[in-house]
Amino acid sequence: MLSSQTSSIFTVSRLNQTVRLLLEQEMGQVWISGEISNFTQPASGHWYFTLKDDTAQVRCAMFRNSNRRVTFRPQHGQQVLVRANITLYEPRGDYQIIAESMQPAGEGLLQQKYEQLKAKLQAEGLFDQQHKQPLPSPAHCVGVITSKTGAALHDILHVLKRRDPSLPVIIYPTAVQGDDAPRADRACH
């Protein structure tokens, strides 16, 4: 039952608008260091990408009037320093940053680690054709070995649910970064 506090009931639109205003007024402009992933440039000329580090990520937009001043082409895995405003995209309730300027800060550490691991596994022959097995068609069950707290798990489950909602999924949570990752990977075999 509603009480006398009905004046503090927000519609979703009003809540998102209030949160957006709080973010924009309280945070102001900030500098953010991160590694670029999921970089896209649609016909509008705007740039959309994700900035991430080893434990978090944030969606970013850099509009055409700002990205024209950037003197390099951002690449996946590149470490950058971005001056940005923090805001909330009201229709979806997603917080994001709007980049005003960007400068390169070298190859991203995550990308370096990925390339090193890929080279190591290649040298061990793990990408050789003899190790590959054909995928069953259709799949009867899918196993996912990843961090239980990472964005990858959410993305995988979202795609699987969209493509085949009745497909059983077994999740094996494991460390995918840090010192425990190789040990956890071997335990899966």
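Values in this text are rule-based calculations from the coordinates and carry no lab data. Predicted model only: the values in this text are computed from it and were never measured. FYI the Cβ positions are ideal-geometry reconstructions off the backbone, even for glycines, and counts take in every protein chain you see.
At-a-glance table
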| quantity | calculated |
| --- | --- |
| Å³ per residue enclosed by the Cα convex hull of the chain | 216 |
| Dipole magnitude (debye, nearest 20) for the chain, charges at Cβ of Lys, Arg, Asp, Glu | 460 |
| Charge dipole (debye, nearest 20) of segment 136-180; +1 at Cβ of Lys and Arg, -1 at Cβ of Asp and Glu | 260 |
| Cleavage-rule hits (chymotrypsin sites (Phe, Trp or Tyr not before Pro)) in segment 49-105: DSSP loop, at most 13 neighbouring Cβ within 10 angstrom | F72 |
| For I171, distant residues with modelled amide H under 5 Å away | V144 |
| GNM top mover of I97, I156, I32 - the chain, alpha-carbon springs below 10 Å | I156 |
| Loop-located trypsin sites (Lys or Arg not before Pro) in segment 47-86 whose Cβ has at most 15 other Cβ within 10 Å (DSSP) | R68, R69 |
| Relative frequency of Cα-Cα separations exceeding 13 Å in segment 77-133, percent | 73 |
| Value at 222 nm in deg cm²/dmol, rounded to 500, when DSSP H runs of n ≥ 4 in the chain each add -39,500 (n - 2.57) | -9000 deg cm²/dmol |
| Principal axis box of segment 136-180, alpha-carbon based, largest edge first, Å | 36, 19, 12 |
| Highest-fluctuation residue, Q116, Q130, Q25 considered, GNM on the chain with Cα pairs under 10 Å | Q130 |
| Span-like helix ranges in the chain, DSSP H, alpha carbon extent 15 angstrom or more, Kyte mean at least 0.0 | 151-163 |
